[in-house]
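Let me begin by presenting the structure, written as structure tokens, before commenting on it.
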Amino acid sequence: QVQLVESGGGLVQAGESLRLSCAASGSIYSNLVKGWYRQAPGKQRELVARITRGGNTDYADSVKGRFTISADNAKNTVFLRMNDLKPEDTAVYYCAAYWPWNSSPQYWGQGTQVTVSS
């Protein structure tokens, strides 16, 4: 089975940066699309960024130019570098993974809280 564990969340001031990490286990992980999602109170969970096995990336318009997703395949770890954080980025952030032919992730981490104060 694929297991995902996030870390790196916390409380920061607007304009500061954080790097989230997702440590993965499971022999099939390298074949999967990796993504970061977030969910704010009262909001639906939304895609933040994703990266395919081939290295293609997609970002939500709200984070484009500020966030960067990357993967260290040798260490089975995916990262989300978040620069110039804004209060509207406050949410629980989840790492996820899924087969590319699926419409939504099959595997989820437990989530890590990111709070941005003004």
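Once the chain from Asp84 to Leu11 is taken as fully extended at 0.36 nm per residue, the excess over their C-alpha distance is 24.9 nm. Paramagnetic label reach from Gln1 (point 7 Å along Cα→Cβ; backbone nitrogen cut-off under 16 Å): within segment 19-60, residues 24-29.
Judged by the mean number of other Cβ atoms found within 10 Å, the most tightly packed of the peptides 89-99, 108-118 leads the ranking 89-99, 108-118. Of the accessible area of segment 2-97, computed with a 1.4 Å probe over protein heavy atoms only, carbon and sulfur atoms account for 44 percent.
For Tyr98, neighbours were defined as the other residues whose beta-carbon sits under 12 Å from its Cβ, and their charges (Lys and Arg +1, Asp and Glu -1) total +3. Taken over segment 17-118, the convex hull of the Cα atoms encloses 100 Å³ per residue. In this rough spin-label picture, where each label sits 7 Å from Cα along the Cβ direction, the Ser62-Ala74 distance is 3.6 nm.
Give me the net charge of Gly35's neighbourhood, meaning all other residues with Cβ under 10 Å from the Cβ of Gly35; Lys, Arg count +1, Asp, Glu -1. Neighbour charge sum, excluding Gly35 itself: +1. Straight Cα distances below 25 angstrom link Lys64 to the lysines Lys34, Lys43, Lys86, with same-chain residues fewer than 8 positions distant left out.
Taking amide hydrogens as placed 1.01 Å from N in the peptide plane, the amide H of Asp58 sits under 5 Å from those of Arg50, each at least 5 positions away in sequence or on another chain. Per residue, the accessible area of segment 1-116 comes to 53 Å² when a 1.4 Å probe rolls over the protein heavy atoms.
The values are calculated or read from the model by the stated rules, or taken from the named source; none is laboratory data. This structure is a prediction, so every number in the text was calculated from the model and none was measured. Cβ coordinates were reconstructed from backbone atoms using ideal geometry, including for glycine residues, and neighbour counts include every protein chain displayed. Side chains included, ligands, DNA and RNA excluded: accessible areas come from the protein's heavy atoms. Shrake-Rupley method; radii C 1.70, N 1.55, O 1.52, S 1.80 Å.
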